[in-house]
1. How would A:32, B:358 rank on accessible area, largest to smallest, probe 1.4 Å?
2. How crowded by other chains is A:57-70, given as the mean number of beta carbons from other chains within 10 Å of each beta carbon?
3. Can you tell me what the convex hull of the Cα atoms of chain A projects to on average, as an area in nm²?
4. Between beta-carbons, use under 13 Å as the cut-off and find the net charge around residue B:34, counting Lys and Arg +1, Asp and Glu -1.
5. Among DSSP beta bridges whose residues both lie in chain A, state the antiparallel percentage, nearest 5.
6. Leaving out ligands and nucleic acids, and using a 1.4 Å probe, what accessible area per residue does segment A:88-150 come to in Å²?
7. What value, in deg cm²/dmol to 500, does the helix sum -39500 (n - 2.57) over DSSP H runs of n ≥ 4 give at 222 nm once divided by the residues of the protein assembly as shown?
8. Please report the net charge: other residues with Cβ closer than 11 Å to the Cβ of residue B:89, K and R +1, D and E -1.
Amino acid sequence: MSDRIRERFAALAAEGRAGLVTYLCAGDPDPETSLALIRGLPGCGVDLIEIGMPFSDPMADGPAIQAGNLRAIAGGMKLAKVLDLVRRFREEDQATPVILMGYYNPVHQMGKERFIQSAVEAGVDGLIMVDLPPEEDEEFCLPAKAAGLDFIRLATPTTDAKRLPVVLNNASGFIYYVSITGITGSAAPVADQVGEAVRRIKSSTTLPVAVGFGIRTPEQAAAIARHADAAVVGSALVDLVASNLDEAGKARPGLVETVHSLVRDLAAGVRGARA
Amino acid sequence: MSQRNSLRNMPDENGHYGIFGGRFVAETLMPLILELESAYEAAKKDEGFWKELDGWFKDYVGRPSPLYFAERLTEHFGGAKIYFKREELNHTGSHKINNTVAQVLLAKRMGKTRIIAETGAGQHGVATATVASRLGLPCIVYMGAKDIERQQPNVFRMRLLGAEVRPVTSGSHTLKDAMNEALRDWVSNVHDTFYVIGSVAGPHPYPAMVRDFQSVIGRETKQQILEKEGRLPDVLIAAVGGGSNAMGLFHPFLDDDVRLIAVEAAGDGIETGRHAAAMAAGTPGVLHGSRSYLLQDEDGQVVEPHSISAGLDYPGVGPEHSWLKEQGRLEIAPATDAETLEAFQLCGRIEGILPALECAHALAHIAKIAPTMDKDQVIVLNLSGRGDKDIFTVAEHLGVKL
């Protein structure tokens, strides 16, 4: 397991609180604004950073994140530049875990060996590859793990007791529980059901469990943080990026501060959850 | 050829055809994909399922479809004998109905109560809406907003059949985006929904399952050509977008000494970059649940294809096609929009048949090879769909106002 992810969850456990994970799409709406957004996250109380690798056809994501992906691509974002973004983030922050999330095709096109090596060198700690189920582990999960990258697996409400061991096998870093059967940014999760699912997963693994999909407000984040080791927020932030663009699609002044302000509120919600 | 060395034994147990195929989907869908796979494996071994399907094929679809000797076209080109496998005579006007009948019957067996599909030109959507209507299941068809504009008659047909056509305005508003939306719907409604995929694409088991359902085309062709000519054809030819009509024709012949030619949409010409020729000009990539040849840029972003035919306008191709191409078993040929328009008109003028623009691509390639072949040689074209749906597109390209 990556030292940064392990140490971060150990520290959260020691503090007796859940963590906040935020998702932003690399290069959305443009490379420089994106870097400023991501650099500011730890100062706003984010515990782990999830960065989306843009893809033209993000099938498991909702309209908000797809739009963010397409804005980033239109702004010239490429996979090599995503890795460069992480490298630049690492120049100023050596502690916050960075997880890259995305779909397999851009990685496949770059070449998995080259991608894995570049990701390790850039300071990436873990990967979430949405369209690589355990059935395809030999393809990419095993070489990535061998190079020291955590392979964070998604578990969902459709992952039953029979399937859970398959999902947990080769998983590392933490388990990302998808709280709804649906796409990102759709329905809100029901906290009690999430609690039950988290307990079920934790009875089968020592890995921390983060919960995401559908969490938009500090109150929702707090409700999840009572049950999970971390709450993940993505679409709400990507939506906020979208609503702070001008007619030409360029970042309006204040975009970064507006997004950071919501992140601070979310962090406060998560921190106060178990008080 | 021994069973062990047969080209017909693919995929392996994980749905791989060499490096192609597989199951590249989100975890939410995996239990569903595995459930579908076991339901299909059980149905495959159940004689009752095939008997029921045969009944539907005979009395509802209108099978077997004829194998027709295109005498005037043969005379026109002055070379090989040209036969059409008349899939356009099926109920709803294309080969798509073979697969949708079978998949919706499977959905019923699985206790699913809601049918979803995606469609490009509308043929698969119409076929799915038809069978869902016949079996009393609600049906939602995702269709790119651009395709809805250029395929109005099929959109109206689907609505008359009781289906809900949902316009897709995400991404580039075409077939690949409709497929993304259908996958999103499926993820959101996993408990009661069956996703009827219309081509030999998508995650395992779809490519193998759709191929098996469409192989009735090739099996009939084999029997019919033996009756008519006393021997197998020299060439089988079919247009390839996703590739289900081609795979259905080719598969029963994979181990035979027959040339197999897959014709891809070359659009304005492959060199212009405006085409849909995934095998001729794409590279291996992962989209919509499997690895196959894909039109993509150097960063792995999917490139929007172009073809005069909305049915071929897909950036990928079925994984088995990709594998057969790499095995050297499949010949890949291009046909441009212009060549296709010419073939479309020629067929109407001298055979009294308006072929779908999809198959007019294959006919355009026949125009290139038939004259070079001997008169005793035989070509079979899969005439997979009717051209009625395409008259508006053709009129527009010919500058005719309807």
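The values are calculated or read from the model by the stated rules, or taken from the named source; none is laboratory data. No experiment lies behind these values; they were computed from the predicted model shown. So basically every Cβ, Gly included, is an ideal-geometry build from the backbone, and we count neighbours across all protein chains shown. Areas reflect the complete protein model, heavy atoms only, side chains present, ligands, DNA and RNA absent. Shrake-Rupley method; radii C 1.70, N 1.55, O 1.52, S 1.80 Å.
1. Result, largest first: A:32, B:358.
2. That average works out to 5.
3. Quarter of the Cα hull surface area: 12.7 nm².
4. -4
5. So the antiparallel bridges amount to about 5 percent of the total.
6. Using a 1.4 Å probe on heavy atoms only, each residue of segment A:88-150 averages 34 Å².
7. One gets -12500 deg cm²/dmol as the mean residue ellipticity at 222 nm.
8. Summing Lys/Arg as +1 and Asp/Glu as -1 gives +2.
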